[in-house]
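Undergrad: One structure is given below, represented as structure tokens, and several questions about it will come after.
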Amino acid sequence: MKTIVLTFVAAIAAASLYAESSPAEQKVLEAIKSPELSIVHLWAPWCSNCQAELKSGGWLKMVKDNPQVKFYFVSVWNGGEDGRAVLKKFEIADQPNVTILADPGPRTGNKIKQFAGLQLSWIPTTWVYKGGDLRYALNYGELRFPVLQQFLEDSGSDWSHKSEGSG
């Protein structure tokens, strides 16, 4: 009985998250359920840290070197604009494994404080998902792309502690 109640409560919580979420958030919530690796990158074209990541060429290299990974560039705190022109400038917008989305929230004032059920307090923010599970959350500042690549490799591998001794 306890399991049924907990499952019911979880279903209600998930339904309320969907009901209150923006179209961009709903799309991301659906996409991250995929068994493949997904990267959700929350950014804004006006953000200097976000611009530095793009100018370094790191995002373009990540997208091209990982065609099996789905990348979701979600512009936040940008008045509903998706930043496609900026991503196009850095050759990211037209890559087949990239989806560009925009949260409708304002750039200033009452900015969203969470996205897809996770806290959002800084951009850029990058999350790595596999099969609906959050594998890594990089919530504060610019990425080191070799670290992100390692996170992708770790997230894509199958491992367990089953073969290790019990103590």
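Quick note: the coordinates plus some simple rules give every number you see, no bench work behind them. Fair warning: this is a prediction, and the values are worked out from it, not measured in the lab. Virtual Cβ from ideal backbone geometry, glycine too; neighbours counted across all protein chains shown.
Undergrad: Name the GluC sites (Glu not before Pro) in the range 19-68 that are in a loop by DSSP and that have at most 15 other C-beta atoms within 10 Å, would you? The partial results should precede the final answer.
TA: Details: sites: E20, E25, E30, E36, E53; in loops: E36.
Within the range 19-68, the qualifying GluC sites (Glu not before Pro) (loop, at most 15 other Cβ atoms within 10 Å) are E36.
Undergrad: Moving to a separate point now. Please work out whether the range 48-120 counts as rounded, prolate or oblate from its C-alpha gyration tensor, where a ≥ b ≥ c are the square roots of the eigenvalues and a/c under 1.5 means rounded, while otherwise a/b larger than b/c means prolate and anything else oblate?
TA: Because a/c hits 1.5 or more and a/b exceeds b/c, the range 48-120 counts as prolate.
Undergrad: Calculate how large, on average over all directions, the projected area of the Cα convex hull of the range 22-156 is; give the answer in nm² to one decimal. Before the final figure, lay out each step's value.
TA: Values: hull surface 27.9 nm².
The Cα convex hull of the range 22-156, projected and averaged over all directions, gives 7.0 nm².
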